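Undergrad: Here's a structure for you.
The values are calculated or read from the model by the stated rules, or taken from the named source; none is laboratory data. Only a predicted model underlies this, so the values are computations on that prediction, with no experimental measurement involved. Using ideal geometry, Cβ is built from the backbone for each residue, glycine included, and neighbour counts are taken over all protein chains shown.
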Amino acid sequence: MLRFAAGRLLQAIPVLLVVITATFLLVHSAPGGPFSAEKAVPAEVIKALEAQYQLDQPLWKQYVSYLGDIVNGNFGPSFKYPGRSVNELIAAGLPITAELGLYAMLIAVLIGISAGVFASLRPNTLQDYVPMSAAMLGICMPSFLLGPLLVLIFGIYLEWLPVSGWGDIPGDKILPSITLGAAYAAYIARLSRGQMLEVLSQDYIRTARAKGLPEPLIVVKHALRGGLIPVVAFLGPAFAGLLGGSFVVETIFQIPGLGRFYVQAAFNRDYTMILGMTIFFASLIILFNLLSDMLAIWLNPKLRHGSGAAKP
Amino acid sequence: MKQTIPPPLRSASVLTVCLLGFALGACGSGENRVTAGNRDGVLHWGNASEPQGLDPHIATGVPEHKIIMALMEGLVLKDTTTLEPIPGVAKRWEISDDGLVYTFYLRENARWSNGDPHNAHDYVWSWWRALQPALGNLYAYMYFPIKNAQAYYEGKISDFDQVGVKALDDFTLQVSLNDPTPYFLQLLDHYSLFPVHRPTIEKFGAPDERGTRWTFEGNLVGNGAFQLEEWKINRYVRVGRNPYYWGAGDVKLNQIYFYPTENITTEERMFRAGQLHYTYEVPVDKVAVYQEKGSGELQIYPYLGSYFYRFNTRVEHLSDRRVRRALAMAVDRQQITDQVLKAGQVPSYAVTPPDTMGYFPESDLTFDPDKARALLTEAGYPDGAGFPKTEILYNTSEEHRKVAVAIQQMWKQYLNIDVTLLNQEWKVYLDSETNMDYEISRASWIGDYVDPNNFLDMWLCNGGNNRTGWCNPEYDRLVLEAAPKASSHEERLEIFKTAEKMLLADMPVLPIYIYTSKHLINPAIRNFPKNILNQPSFKDIYLDPSAARVAEAH
């Protein structure tokens, strides 16, 4: 297992290098610079600013010095927010986005697995159709629709919950977490139902039933473990997706997380910020994929004991 | 076969419901942020975006402007209703008969927010700092009416003593100008001319260094009615009363929260849910809803800003002024403001908004499709025949798109010409416009100060904001030389009228409408001025809880 992890981490280096290089080139070739403004900016001001951020150097030199900084864990200063470093901005947003992602994930897993298992117990009955139709709806409904809808109902008409913010007013974390988690809950529900149906029809389940084991024990102890494998495989990328894809929810609910910085940085041509965030998210995705693969190996005896363990 | 929900799943669901219930219960106190704020004197202000920085010599945006106006103050303030200059840090001033020398007498009781004495030397040092090229001050041109300021900024002289600002003693500041500048006192209320606290700046870096941490929470020292208490990135900036402010006894609010509300639909929902007293904007499709509701929360009033299209006069068919005038005459502005925008905007036929310091532009431009067709025929395109492919460029925005579509249809209907629309993301659009890589482009200009000069000096031959390729040396002479030398206010306005007529006769710009400020404002907010600069005076604003209750009862 350790060898497997070390190998995967080594493989991550070239992947990250490609990500950095491609982003660096794309960012610098995008029209419009970080210092362009509606009011004409005098040439001498542009010159002074470019010198300060070393943008007056040849591109390859900027690239090399940037790589050097990254190796030292320094993402550089933000262009848009003078005086703040990219590290500082990421550090400010990450705990919030991570917390939001965690709640969304909890909601997704709890609701998704419960619904999926529940539906799989009586396939093709009302008990199956209702949660699965809801799941279909959840997958189809984008967060920019679900979010405002929840806000209208619970925030404006019922006045139960705040319509925006994060940790400012009690209860303001509920709607964003549900909005972000809903689509994932729906997906997890469908995944777990499918796999549960397959597992429940296997011989060892029939054996268990024949032995007269109580049904809840069969489901939880024997079926669920196998039934969760695809869900676990999905969790890694899903969590990275939750972190990286939270910008819509963060914008709707005015949450000061990473996603909002990412979008703003792109609009502002904040080169260092875009690069820093991209590298950060790329690393997260790599890490979470690795973790979910390791978890999947641990869950699946075939992979744990067979030759599959060496496979990436 | 008995099938039930497995116990662990069941308990998990119960847990979720409990958690939700707990959170719901926790928020059931019944009092929202605005109600609590009305009681405690805390204003919740929608402020559009996260401030880039609060250094008055670097900042350029309106959100930054609002916060800086609470934290700092200039020599002179504006009466928020009449916009006439009123005493700020300077308790009075004298202007020499030739209008060239201003002497300011500063308040002896003015203090920085850390209690340090605040005097005339602060201004000399601050203005020296603001004119350091390395600082990258985009508003350096606001200093150019001051004698030798431009020469110093451009490196033509290196001795700052030659620049027209001197501290005669601790509390007397003398400023000499190049020409009599009627709007000079107004400039002093612009944050780019605000004083900064020297020891604080020097503590965190060199005076001309950009982006030091001197403006951050715990560091910033200002001289305004409020001081910086907390700055949570992308969450809020909170300011509270400054006990050392010279007029601290008259300040009514205890605190102000500035929220970065860049999503205006969320902002509107926050207002509805009692989380904001004031919104920075109102979504276009909500204007009618609030108008119908008639609650008085929607406030619309004129704004010193012009919305227009630029013509690229270097494009062959647009280099013909007859074509430009024909296009301008075939735009039904009334229909655009009444049917498309519907928020009180005023159709405009000139660049400068009317009644800018008593100035009313004279324009012969009207909506006249017949004359437009005749002009187009004269230019060689009878009934639009052979009119080259033309494109309207605008930056991505629903409002800009609607206006462009309306104009596209009008030109088809009245001139029988086809134009295409191109929208670009903000920075790409800026690049296209600055490089004159466009044919017709949407644009706007918001006044920094109330004077026609602010709208007319952008069309100078080498003006960085011209971007049309239009150049008329006689126009330059009028704006740069004749107007500053005018012997009276009336004569000066006449010269501007002549210049603007020249501009409109050639029409490198197509005026469309004058902006309005639109906000949702809680009825508890009192002393809120509706001026054309949309500039509030936070030290005068107060909250009246009874007004909010009366409004609710209705």
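Undergrad: Is it the case that the range B:189-205 has a residue that's touching an Asp or Glu at 6+ places or on another chain (Cβ under 9 Å), away from chain A (no Cβ under 12 Å) and of a type in the set (Lys, Arg)?
TA: Checked against the condition, which is being touching an Asp or Glu at 6+ places or on another chain (Cβ under 9 Å), away from chain A (no Cβ under 12 Å) and of a type in the set (Lys, Arg), the range B:189-205 yields at least one hit.
Undergrad: Does residue A:213 satisfy the criteria of being more than 10 Å from chain B (Cβ to nearest Cβ) and part of a loop (DSSP other than H, G, I, E, B)?
TA: Here the answer is yes, as residue A:213 does meet what is asked.
Yes/no matrix, rows are residues, columns are (1) surrounded by fewer than 22 Cβ atoms within 10 Å (Cβ to Cβ); (2) in contact with an Asp or Glu (Cβ under 9 Å, 6 or more places away or on another chain); (3) more than 14 Å from chain A (Cβ to nearest Cβ):
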{"site": "B:324", "(1), (2), (3)": "no, yes, yes"}
{"site": "B:330", "(1), (2), (3)": "no, yes, yes"}
{"site": "B:335", "(1), (2), (3)": "yes, no, yes"}
{"site": "B:342", "(1), (2), (3)": "yes, no, yes"}
{"site": "B:369", "(1), (2), (3)": "yes, yes, yes"}
{"site": "B:398", "(1), (2), (3)": "yes, yes, yes"}
{"site": "B:424", "(1), (2), (3)": "yes, yes, no"}
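Undergrad: Right, here's the next one. Suppose the filter is within 29 Å of residue A:43 (Cα to Cα), under 23 Å from the mean Cα position of the chain (by Cα) and assigned to a loop (DSSP other than H, G, I, E, B); does residue B:464 pass it? If you could, list the steps in order and put the result at the bottom.
TA: Details: within 29 Å of residue A:43 (Cα to Cα): yes; under 23 Å from the mean Cα position of the chain (by Cα): yes; assigned to a loop (DSSP other than H, G, I, E, B): yes.
Answer is yes for this residue.
Undergrad: Run down B:365, B:327 and say which single residue is in a helix (DSSP H, G or I), in contact (Cβ under 8 Å) with a residue 60 or more places away in the chain and over 25 Å from the mean Cα position of the chain (by Cα).
TA: Details: B:365 fails: in a helix (DSSP H, G or I).
The unique qualifying residue is B:327.
Undergrad: Also, quick follow-up: Kindly indicate which of A:99, A:44 is at the interface with chain B (Cβ under 10 Å from one of its Cβ atoms), acidic (Asp, Glu) and surrounded by 15 or more Cβ atoms within 10 Å (Cβ to Cβ). Step through it out loud before you land on a result.
TA: Details: A:99 fails: at the interface with chain B (Cβ under 10 Å from one of its Cβ atoms).
Checking each option against the conditions leaves just A:44.
Undergrad: Among the residues of the range A:269-286, are any touching a residue at least 24 places away in the same chain (Cβ under 8 Å) and not in a helix (DSSP H, G or I)? Steps first, answer last, please.
TA: Filtering the range A:269-286 down to residues touching a residue at least 24 places away in the same chain (Cβ under 8 Å) leaves A:269-286.
Still in the list and also not in a helix (DSSP H, G or I): A:269-270.
Yes; the residues of the range A:269-286 include at least one that is touching a residue at least 24 places away in the same chain (Cβ under 8 Å) and not in a helix (DSSP H, G or I).
Undergrad: Out of A:119, A:108, A:92, I need the residue that is in contact with a Phe, Trp or Tyr (Cβ under 7 Å, 6 or more places away or on another chain), farther than 18 Å from residue A:269 by Cβ, assigned to a helix (DSSP H, G or I) and in contact (Cβ under 8 Å) with a residue 24 or more places away in the chain. Which one? Before the answer, list the steps.
TA: Values: A:119 fails: in contact with a Phe, Trp or Tyr (Cβ under 7 Å, 6 or more places away or on another chain); A:92 fails: in contact with a Phe, Trp or Tyr (Cβ under 7 Å, 6 or more places away or on another chain).
Every option except A:108 fails the conditions.
Undergrad: Against the condition surrounded by fewer than 19 Cβ atoms within 10 Å (Cβ to Cβ) and within 13 Å of chain A (Cβ to nearest Cβ), how does residue B:434 come out, does it pass? Break it down into steps so the answer makes sense when it comes.
TA: Details: surrounded by fewer than 19 Cβ atoms within 10 Å (Cβ to Cβ): yes; within 13 Å of chain A (Cβ to nearest Cβ): yes.
When the stated conditions are applied, residue B:434 passes them.
Undergrad: Could you list, in sequence order, the residues of the range A:95-144 that are at pLDDT below 90 and of a type in the set (D, E, K, R)?
TA: Listed by number, the residues that qualify are A:122, A:128.
Undergrad: Shifting gears a bit: Would you point out which residue out of B:235, B:210 is closer than 20 Å to residue B:134 by Cβ, modelled with pLDDT under 95 and within 14 Å of another protein chain (Cβ to nearest Cβ)?
TA: Values: B:235 fails: closer than 20 Å to residue B:134 by Cβ.
One residue alone meets the criteria, B:210.
Undergrad: Here's a check for you: in the range A:152-203, which residue that is of a type in the set (Phe, Trp, Tyr) and part of a loop (DSSP other than H, G, I, E, B) is nearest to the other protein chains (Cβ to nearest Cβ)? Before the answer, list the steps.
TA: Of all residues in the range A:152-203, those of a type in the set (Phe, Trp, Tyr) come to A:154, A:157, A:160, A:166, A:184, A:187.
Adding the requirement that they be part of a loop (DSSP other than H, G, I, E, B) leaves A:160, A:166.
Values: A:160: 6, A:166: 8 Å.
If we take residues in the range A:152-203 being of a type in the set (Phe, Trp, Tyr) and part of a loop (DSSP other than H, G, I, E, B), then A:160 is nearest to the other protein chains (Cβ to nearest Cβ).
Undergrad: For the range B:412-432, enumerate the residues that are part of a helix (DSSP H, G or I) and within 26 Å of residue B:465 (Cβ to Cβ). It would help to see each step written out before you state the result.
TA: From the range B:412-432, those part of a helix (DSSP H, G or I) are B:412-415, B:426-432; that's our starting set.
Result: B:426, B:427, B:428, B:429, B:430, B:431, B:432.
Undergrad: If you go through the range A:240-261, how many residues are surrounded by 23 or more Cβ atoms within 10 Å (Cβ to Cβ) and out of contact with any strand residue (DSSP E or B) (no Cβ under 9 Å at 6 or more places or on another chain)?
TA: 13
Undergrad: Could I ask something else about it? If you go through the range B:178-187 one residue at a time, do you hit one that is under 23 Å from residue B:70 (Cα atoms), buried (at least 19 other Cβ atoms within 10 Å of the Cβ), of a type in the set (Ser, Thr, Tyr) and modelled with pLDDT under 95?
TA: Going residue by residue through the range B:178-187, those that are under 23 Å from residue B:70 (Cα atoms) are B:183-187.
From what is left, the residues that are buried (at least 19 other Cβ atoms within 10 Å of the Cβ) are B:184-187.
This time we only want the ones that are of a type in the set (Ser, Thr, Tyr), so: none.
Among the residues of the range B:178-187, not one is under 23 Å from residue B:70 (Cα atoms), buried (at least 19 other Cβ atoms within 10 Å of the Cβ), of a type in the set (Ser, Thr, Tyr) and modelled with pLDDT under 95, which makes the answer no.
Undergrad: While we're looking at this one, here's another question. If I ask for residues that are within 14 Å of chain B (Cβ to nearest Cβ) and either assigned to a helix (DSSP H, G or I) or surrounded by fewer than 15 Cβ atoms within 10 Å (Cβ to Cβ) (or both), which ones from the range A:55-67 would you list?
TA: Of all residues in the range A:55-67, those within 14 Å of chain B (Cβ to nearest Cβ) come to A:55-56.
Residue satisfying the conditions is A:56 alone.
Undergrad: Report, by residue number, each residue of the range B:37-58 that is in contact (Cβ under 8 Å) with a residue 24 or more places away in the chain and either within 11 Å of another protein chain (Cβ to nearest Cβ) or under 16 Å from residue A:81 (Cα atoms) (or both).
TA: Initially, the range B:37-58 is screened for residues in contact (Cβ under 8 Å) with a residue 24 or more places away in the chain, giving B:37-51, B:53-58.
Within the range B:37-58, B:44, B:46, B:48, B:49, B:50, B:51, B:53, B:54, B:55, B:56, B:57, B:58 qualify.
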